[in-house]
Amino acid sequence: LGRLETLRRGYLFAAWGAGLAGLLGYFDVAGLGSVFTLYGRASGTFKDPNVLGPFLVLPIIYVLHHILTGRLGLMRGLLLMSVPLAALFLTFSRGAWGNLVAAALLMIALTFLTAPNAARRARVVALTLTALGLLTVALLFALSFENIRSIFEVRASLVASPAASATSCARSRCCWRSPTASARCASAGSSRRIRTTSTSTPSPPMAGSAASPGWR
């Protein structure tokens, strides 16, 4: 158990390092936006936001479990989760969001079912509701910023058009970075639209073939 706890602490430390890099890049601190972000999403020390997000799930679940079992106080636990959780949110990875929700629900359910007495179960329920309320307030505060809200709306939708993705990218942290990074983000959105248009545009009919109604 001692070695397992050491591994957990090491994993949490790594999550803080990667998450902090993602936050610094997302807010373009010291010009790190071009290094630790990808298309307006935090990627940290990973090459892709969709890789950083799932990496941060397990340490968050570890800390949440320690809070529910009384090994950590609520405020101290939330402080330990703050950087990894904020970085996971700013990856805008729908897979990572779903992974976190599913893992948290499973862990809370198992913790509740394996609690030794009614007092522990009541503690699990109370802490879960309190943490959920605090996280909801934090989410509403984050969504009060238009840059974050615009890309969140696109990523939270099941189907996003290339034009909407490009618009959200332009309104996200790209707008807060250097002109070079902004131009790169805009050119990436333009190239996506060009590829989509070229793929969806039908080829003109060849000579001698029947004229297509779409070309009349």
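The values are calculated or read from the model by the stated rules, or taken from the named source; none is laboratory data. Quantities reported herein were computed from a predicted structural model and do not represent experimental measurements. No Cβ is skipped: glycine too gets one built from the backbone with ideal geometry, and neighbour counts run over all protein chains shown.
Checking each residue in region 12-31 for being more than 22 Å from Ser150 (Cα to Cα) and surrounded by 16 or more Cβ atoms within 10 Å (Cβ to Cβ) picks out Leu12, Ala15, Trp16, Ala18, Leu20, Ala21. Beta carbons closer than 7 Å, at least 6 apart along the sequence or on distinct chains, pair a first residue in region 143-168 that is more than 16 Å from Ser93 (Cα to Cα) and surrounded by 12 or more Cβ atoms within 10 Å (Cβ to Cβ) with a second that is at pLDDT below 85 and among the β-branched types (Val, Ile, Thr) for Pro162/Thr196.
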